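The values are calculated or read from the model by the stated rules, or taken from the named source; none is laboratory data. Keep in mind the model is a prediction, meaning the values are calculated, not measured. Using ideal geometry, Cβ is built from the backbone for each residue, glycine included, and neighbour counts are taken over all protein chains shown. Quick note on the areas: whole protein, heavy atoms, side chains included, nothing else; ligands and nucleic acids left out. Shrake-Rupley method; radii C 1.70, N 1.55, O 1.52, S 1.80 Å.
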Amino acid sequence: MTQTTDPDLIRRIAEALERLAPPVPPLPDFGRHEAFVWNAGRQSLDPVAKVNRVEIGLLRGIDLTRDILLENTERFARGLPANNALLWGARGMGKSSLVKAAHAEAAADVPGLKLVELHREDLPSIGRLLALLRGAPYRFLLFCDDLSFDKDD
């Protein structure tokens, strides 16, 4: 038994599927912005006009952590082996400030390092975010602020 395929039917099915699929969001202008926030609902990166950060030299009492994170971030920016990082501590200890300051320092030495913040509730969409970033000619620090766990996580 041989089956014949109707090219017109295949074309109509493909067009119907394209109408059902959400449009692919345009890539942001990575060259124009240094930081972005992942919007999982729209599956897009929203540029951050001005990153709220302090200079790394103003952060006190965290010298060892600062030096380790900065060295690791610079290695990553240069395409060298680097590690993922997890900073923990009480609210207000400067974890986010340290990440943003390390990004600024590393990006000053190695242009093309971008910062992308994603929210805890958007972690399940990280695969789509990575697919979006994969083709861009930049290196991206993914930053999840206020990640916390409770006994059910």
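Ligands, DNA and RNA are left out, and with a 1.4 angstrom probe the accessible area of region 68-153 is 63 Å² per residue.
Inter-label distance, Arg60 to Leu17: 6.2 nm, where each label sits 7 Å from its Cα along the C-beta direction. With all protein chains in place and ligands, DNA and RNA left out, the 1.4 Å accessible area ranks Thr73, Thr5, Thr65 as Thr5, Thr65, Thr73, largest first. Taking Cα atoms, how many degrees apart are the long axis of helix 7-20 and the longest axis of the chain, rounded to 10 and kept between 0 and 90? The angle comes out near 30 degrees. Assuming R0 = 30 Å, can you tell me the calculated FRET efficiency for the pair Ala108 and Ala40, based on Cβ-Cβ distance, to the nearest 0.05? Computed FRET efficiency for Ala108 and Ala40: 0.50. Applying 1/(1 + (r/R0)^6) with r as the Cβ-Cβ distance of Val51 and Phe149 and R0 = 25 angstrom yields a FRET efficiency of 0.40. Here is how the number arises for the chain: DSSP H runs of 4 or more residues each give -39500 (n - 2.57), the sum is divided by the residue count, and the result at 222 nm is -11000 deg cm²/dmol.
Between Ala102, Ala82, Ala14, find the one with the highest GNM mean-square fluctuation for the chain; connect C-alpha pairs within less than 10 Å. Per the Cα network of the chain with a 10 Å cutoff, Ala14 tops the list.
State the percentage of accessible surface on region 1-102 attributable to carbon and sulfur atoms; use a 1.4 Å probe and exclude ligands, DNA and RNA. Write down the numbers at each step before the final one.
Details: 4370 of 7820 Å².
C and S atoms contribute 56 percent here.
Computed over the chain with a Gaussian network model linking Cα atoms closer than 10 Å, the most mobile of Lys95, Lys50, Lys114 is Lys50. Taking only protein heavy atoms and a 1.4 Å probe, the accessible area of region 112-153 is 51% carbon and sulfur.
With an 8 Å Cα cut-off and a minimum separation of 6 or more residues, compute the relative contact order for region 1-99 in percent.
16 percent
Spatially, region 109-148 and region 73-96 are offset by 13 Å when compared through their Cα centroids.
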